[in-house]
Amino acid sequence: MEQAIDSSTVPKGAVIRLLALGLAALCGAAAIVAGAWLLGSQPHLSAQWQSGVRGEVELAAADTQALAAHRGRALVGLRRADGEVAGVDGLLLHRSPRWLVDDAARARHGEQHAAAHGALAQPHVALVFADGSEVAAPVQPRGIGGLGAPFWLLSGFGLVFYLAVVVMLLTRWSMGNLLFALMSSCQLGNLALSAAESAHGFGLPPLLLAWDLPARLGLDLVTAAAAVHAASLLYPRAHAAAARRVVGATWAVVALLVGLAAGGHLGNAWWWAQGGVAALCGLAIGLLHRAEGSEPRPQATQLRRIGTVVLGTWLLLTFALATSQRMPAAPHQVADVLATIWYVFLSSLLLLVPYFLRARQVVREFALLAAISTIALSLDLLFMALFALGQFSALALSLFVALALYAGARQWILDQLLGTSRLTTERMFEQLYRIAREVEAHPRRVPALLLQLLRDLFEPLHAEPADGPAPARTRVEEDGTALVVPIAGLAGEPAATPDLLRLRFAQLGRRVFTREDARLADRIVEQLRRAVAFDHAVEQGRREERLRLAQDLHDDIGARLLTLMYKAPSPEIEEYVRHTLKDLKTLTRGLAASGHRLGDAAAEWKADLTQRLTAADIVLGWSFSADRDLVLGVVQWSALTRIMRELVSNAIAHARASRVDVAMELSGNAIVLSVADNGIGTDPQTWSHGLGLGGVRKRVKQLGGEVRWQVAETGGVECHVRVQLAPVPD
């Protein structure tokens, strides 16, 4: 039966945030549809072009038969409406003016696209080829279906990125989140421009040509300035005033550069953009380095690592593009793809910065692939420019180098960006097993034992037990600086243990805690709970089996011995059976009990040995000392009982002694037992150990102790036993 959902139980704020997210998603999808409709209505020449070996424009493919006949020929011009032929070269294939290094090349690029845009305004455009032939090709709207895969891929990624930013802003408002939203919005703008330009062929619209350089330059510089501002938020408070001055100067310089670029007064604009972004990125890294040097700041450490990757990739991209401009046939199409992949890489890297997405493996892998693609295309340009390789050879070599770097350095990069645990899986399970073995004996030590394991696993700067309301599962708090692990009732005694463990500053403050860390801690605690439950179940089974055996011995063997005692043919046999019944009573009582206090057990041992030795006319010398009383388990009690009985039995049967001295001492958890007689024993080195002495060795080994025999000063034999006991809880 379906259950009705009580709307009163849903927080009002959550409903508002959910509605806001839905509205934002609709607005984003509507923007993509509107952009696709606008781009699809633009005039389009249905043909594919490529850059030739000398930088000319070559026809690669065409839909019309007349134009397809000229495939492979170089295009030299387009006939305008006034009848003049506007010359074209490889610059016509370049999409973004922002990524042209030379100002003169950028001016020619604008002229060619403006001329092509005017030619495409006619129903047919006349194409002039290098062999003198001229073909009139029809012009028609591209349509939404002809926008191409790059447009839809960039639009889809941009929509996901946009929704992630909206989720962060709806979750919490703060200066850091606002700066993150600003950087993300800039990259959304770059992705939107890249998507729009990928859908155009010849003839970029005049508005896009005019504003591509200042818009992209501004978006890049504002992103870098926002990164500096975000880094200043982690700066030491003692130097906050100096950080604010640096941030103010940064925004002033960026505003000046963007204003000059928008007014067309910024010469060498590409170099200003590349150098400005690199300088600001270096400044942000310096601020983060100073911040993490003042006190543990894992956010600063991780952001510094990400910033270093961004700066290194940016410098490689800059060097590759600057070098490729000296080539006689600059591969403009490769440069366009490289710039687009760079923006995809930077956008995906931004998704790793907020905590709520840091643990997403898909995003991490996507960012790594985008980074390696950026490096591969940068190397492609460098190989073509420096070694005069063909485009195919350079691309194959660059892919080989990039993939080799990715395979060899992938794990190292992930470890540097996200941190890694130094505790191996084998060692972790060894410690889990050790903790599980000690839980039953030391329930109050469970927090300390588990805390030590978590220390080895995460290397926190601070780790301590804490009391308070414990979450249902392990939770990351304080923006990833703290990990709260609930352990209430782990040892079966909720009142005796703290409610939770709190760890702060993972890996000595060099990284933040992630959701993967929380899941790992939950699995460790769950495995420990299962081990404890299993031990309790096994012990319960042992206890029930001991009770059954004790009851059977008491009811069956005891009854038979009692009957035998009353029917004994002589007083000696009756006394022997009576002693046997007392031994059986001691044995059954020991089996039935879950634990024995050492003091009580020592009194029973003394009484038992006194009776046995007195019957044999042997004097017992007894000495017992203990710094405290502890509880022995059944296995410990049973083993010590049989060890003493066997040693005394040997003295009675073989030594012909008149005195046996038994001394027992407890110091800490170590019990030292000494049994010496004054009989006629021989050198223990010459003994052949039978079942009796073999049983002593076996039981001492069972307790994890050691045993040795030697000739006593009194002339007999002395046995020394030392065992280290793990006490049973009270």
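So W152 clears everything in (1) out of contact with any Phe, Trp or Tyr (no Cβ under 6 Å at 6 or more places or on another chain); (2) open to solvent by less than 10 Å² (accessible area, probe 1.4 Å); (3) at pLDDT 90 or above except one condition, right? Which one?
The one condition W152 does not meet is (2).
Confirm whether N678 is of a type in the set (S, T, N, Q) and surrounded by 14 or more Cβ atoms within 10 Å (Cβ to Cβ).
Criteria met by N678.
Considering each residue of region 463-482, count those that are in a strand (DSSP E or B) and touching a helix residue (DSSP H, G or I) at 6+ places or on another chain (Cβ under 9 Å), and give that number.
Of the residues in region 463-482, 5 are in a strand (DSSP E or B) and touching a helix residue (DSSP H, G or I) at 6+ places or on another chain (Cβ under 9 Å).
Name the helices (runs of 4 or more DSSP H) wholly within region 557-643 that hold at least 3 residues that are under 15 Å from E665 (Cα atoms) and modelled with pLDDT of 85 or more?
598-615
Conditions (1) under 30 Å from A262 (Cβ atoms); (2) surrounded by 18 or more Cβ atoms within 10 Å (Cβ to Cβ); (3) at pLDDT 90 or above, marked per residue:
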residue	(1), (2), (3)
A34	yes, no, yes
S41	yes, no, no
Q48	no, no, no
G55	no, no, no
D63	no, no, no
A66	no, no, no
E84	no, no, no
A115	yes, yes, no
G118	yes, no, no
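I'd like the full set of residues that are of a type outside the set (S, T, N, Q) and either open to solvent by 30 Å² or more (accessible area, probe 1.4 Å) or under 16 Å from D479 (Cα atoms) (or both), limited to region 165-178.
Answer for region 165-178, where residues must be of a type outside the set (S, T, N, Q) and either open to solvent by 30 Å² or more (accessible area, probe 1.4 Å) or under 16 Å from D479 (Cα atoms) (or both): V167, M168, L169, L170, R172, W173, M175, G176, L178.
What number of residues within region 293-308 are open to solvent by 40 Å² or more (accessible area, probe 1.4 Å), in a helix (DSSP H, G or I) and at pLDDT below 85?
Residues flagged as open to solvent by 40 Å² or more (accessible area, probe 1.4 Å), in a helix (DSSP H, G or I) and at pLDDT below 85 within region 293-308 amount to 5.
Name every residue in region 651-675 that is more than 58 Å from the chain's Cα centre (by Cα), open to solvent by 40 Å² or more (accessible area, probe 1.4 Å) and closer than 17 Å to V696 by Cβ, in order of residue number.
Hits for region 651-675 are I652, A653, H654.
Give the residue, chosen from G13, G22, that is modelled with pLDDT under 85 and closer than 21 Å to R172 by Cα.
So the residue among G13, G22 that is modelled with pLDDT under 85 and closer than 21 Å to R172 by Cα is G13.
Which residue out of A126, A130 is among the small types (G, A, S) and touching a residue at least 60 places away in the same chain (Cβ under 8 Å)?
Every option except A130 fails the conditions.
Does E464 fit the bill of being open to solvent by 20 Å² or more (accessible area, probe 1.4 Å), among the charged types (D, E, K, R) and either closer than 25 Å to L352 by Cβ or at pLDDT below 80 (or both)?
The answer is no for E464.
Between a first residue in region 161-186 that is in contact (Cβ under 8 Å) with a residue 24 or more places away in the chain and a second residue that is assigned to a loop (DSSP other than H, G, I, E, B), which pairs have beta carbons less than 7 Å apart while being 6 or more apart in sequence or on different chains?
M168/P354; M175/L233; G176/L233; F180/V353; F180/P354
Quick one: count up the residues across region 157-183 that are of a type in the set (A, V, I, L, M, F, W, C) and outside any helix (DSSP H, G or I).
The qualifying residues number 1.
Being surrounded by 22 or more Cβ atoms within 10 Å (Cβ to Cβ) and of a type outside the set (D, E): is that true of H94 here?
For H94, the condition - surrounded by 22 or more Cβ atoms within 10 Å (Cβ to Cβ) and of a type outside the set (D, E) - is met.
For region 435-449, which positions are assigned to a helix (DSSP H, G or I) and either modelled with pLDDT of 80 or more or open to solvent by 20 Å² or more (accessible area, probe 1.4 Å) (or both)?
Within region 435-449, R437, E438, R444, R445, A448 meet the criteria.
With open to solvent by 50 Å² or more (accessible area, probe 1.4 Å), at pLDDT 70 or above and of a type in the set (A, V, I, L, M, F, W, C) as the only criterion, which of L500, L399 stands out?
The match here is L399.
Tell me which residues, restricted to region 134-148, are modelled with pLDDT of 85 or more and open to solvent by 30 Å² or more (accessible area, probe 1.4 Å).
E134, A136, P138, Q140, P141, I144, listed by residue number.
Does S185 satisfy the criteria of being open to solvent by 30 Å² or more (accessible area, probe 1.4 Å), closer than 30 Å to V277 by Cα and polar (S, T, N, Q)?
Yes.
Just wondering, is there one or more residues in region 709-718 that are in contact (Cβ under 8 Å) with a residue 12 or more places away in the chain, open to solvent by 30 Å² or more (accessible area, probe 1.4 Å) and closer than 23 Å to A601 by Cα?
Scanning region 709-718 turns up at least one residue that is in contact (Cβ under 8 Å) with a residue 12 or more places away in the chain, open to solvent by 30 Å² or more (accessible area, probe 1.4 Å) and closer than 23 Å to A601 by Cα.
In region 512-533, what residues are touching a residue at least 60 places away in the same chain (Cβ under 8 Å) and either among the β-branched types (V, I, T) or open to solvent by 10 Å² or more (accessible area, probe 1.4 Å) (or both)?
V512, T514, R515, E516, L520, I524, V525, Q527, A531, V532
State whether the residues of region 212-227 include one that is over 35 Å from the mean Cα position of the chain (by Cα) and open to solvent by 30 Å² or more (accessible area, probe 1.4 Å).
yes
What are the residue pairs meeting all of these: first residue in region 614-640, first residue open to solvent by less than 30 Å² (accessible area, probe 1.4 Å), second residue charged (D, E, K, R) and at pLDDT 80 or above, Cβ atoms under 7 Å, and 6 or more apart or on different chains?
I618/R659; G621/R659; G621/D661; V631/R597; A639/R699
One line per residue, one yes/no per condition, for (1) hydrophobic (A, V, I, L, M, F, W, C); (2) assigned to a helix (DSSP H, G or I):
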{"site": "V228", "(1), (2)": "yes, yes"}
{"site": "Y235", "(1), (2)": "no, no"}
{"site": "A242", "(1), (2)": "yes, yes"}
{"site": "V246", "(1), (2)": "yes, yes"}
{"site": "A255", "(1), (2)": "yes, yes"}
{"site": "G259", "(1), (2)": "no, yes"}
{"site": "L266", "(1), (2)": "yes, no"}
{"site": "L280", "(1), (2)": "yes, yes"}
{"site": "A284", "(1), (2)": "yes, yes"}
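Quick check on my filter: what residues within region 200-209 are under 19 Å from T340 (Cα atoms) and part of a helix (DSSP H, G or I)?
Those that are under 19 Å from T340 (Cα atoms) and part of a helix (DSSP H, G or I): L208, L209.
Among the listed residues R80, R71, which satisfies the condition of being open to solvent by 30 Å² or more (accessible area, probe 1.4 Å), under 18 Å from G201 (Cα atoms), in contact with a helix residue (DSSP H, G or I) (Cβ under 7 Å, 6 or more places away or on another chain) and basic (K, R)?
When all the criteria are applied, what remains is R80.
On the given criteria, is Q452 at pLDDT 80 or above and in a helix (DSSP H, G or I)?
Judged against the criteria, Q452 is a match.
The values are calculated or read from the model by the stated rules, or taken from the named source; none is laboratory data. Being a predicted model, the structure only gives us computed values, none of them experimental. Cβ coordinates were reconstructed from backbone atoms using ideal geometry, including for glycine residues, and neighbour counts include every protein chain displayed. Protein only, heavy atoms only, side chains kept; ligands, DNA and RNA dropped before computing areas. Shrake-Rupley method; radii C 1.70, N 1.55, O 1.52, S 1.80 Å.
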